[in-house]
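Asks: The structure's right below; bear with me while I get my questions together.
Throughout, read-outs are computed from the coordinates displayed, never taken from laboratory work. Worth saying up front: this structure is predicted, and the values here are computed from it rather than measured. Here the Cβ positions follow ideal geometry from the backbone for every residue, glycine too, while neighbour counts run over all protein chains shown.
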Amino acid sequence: MIRAFFQLCTFAAKPQDLPASGRLLAACALASFVGHQAGNSVLSASDSTALISLTQTVLPAAGLWLLLALYKKPQRWLQSATALLGASALTHLAALPVIVWFFGDAQRVEKFSAGVLSVAAFRIWFLAVTIAIIKETLEIPVGLALAISLALQLLFAIVLLVLFGNQLG
């Protein structure tokens with residue numbers, strides 16, 4: 001199954017290529033949570049990293065559900081949420097060695113800018129995958145999928161800042 005998500009993240013597969021399975025969605029949600037939690041535990045000294053990670057996992061799935069409801073395509077949520085959470089897990093776990101290397105040791109301050117650029121590259125990769133998922137799921141042009149993806153990312157960032165403020169890493 002990891003191969004299917006790798007293909008999704010390399011644009012060789014589409015969300016509809018995944019099985020519609022509640023168990024797979026739950027596994028992807030758990031893997032996404034673990035990926036967020038692993039990164040957050042390195043980047044933040046907050047006691048709320050588990051709650052932050054849970055919010056980072058739930059917000060995109062909920063945002064996707066609302067988006068599909070607006071487009072009157074709620075039946076596509078299971079596969080598209082599975083795709084989104086699976087891609088999130090894969091990209092976060094792929095970024096984890098970079099996060100640990102650049103941010104896990106206070107002595108590596110001189111490498112901070114390289115670390116930020118590396119993490120930004122993973123975020124851009126995940127954004128591109130999100131755009132592809134939204135484009136395929138809603139059957140919309142890539143420009144509109146880009147605009148929606150950026151708007152959702154901005155909304156999620158605002159919600160996280162409002163809820164957790166200075167606790168974010």
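Asks: Rounded to the nearest 10 degrees, what's the angle between the helix 142-164 long axis and the longest principal axis of the chain, both from Cα atoms, 0 to 90?
Replies: Between helix and principal axis, roughly 50 degrees.
Asks: Over the alpha-carbon set of the chain, work out the extent along each principal axis and list the three values in angstrom, largest first.
Replies: 50, 33, 32
Asks: Next question. When THR82, THR55 are ordered from fewest to most other Cβ atoms inside 10 Å of their Cβ, what list results?
Replies: By the 10 Å Cβ count, ascending, the order reads THR55, THR82.
Asks: Further question on the same structure: Are there trypsin sites (Lys or Arg not before Pro) in region 56-164 that DSSP puts in a loop and that have at most 13 other Cβ atoms within 10 Å, and which ones?
Replies: For trypsin sites (Lys or Arg not before Pro) across region 56-164 that sit outside H, G, I, E and B with at most 13 neighbouring Cβ atoms in 10 Å, the list reads LYS72.
Asks: Can I ask one more? Convert each backbone phi in region 46-53 into a coupling constant with the Karplus relation 6.51 cos²θ - 1.76 cosθ + 1.60 (shift: θ = phi - 60°), then list the ³J(HN,Hα) values in order as whole Hz, x for Gly and Pro.
Replies: Per-residue couplings from phi come out as 5, 7, 9, 4, 5, 5, 4, 4 Hz.
Asks: Right, here's the next one. Hey, got a sec? Which GluC sites (Glu not before Pro) in region 55-156 land in a DSSP loop and have at most 11 other Cβ atoms within 10 Å?
Replies: Those satisfying the criteria are GLU139.
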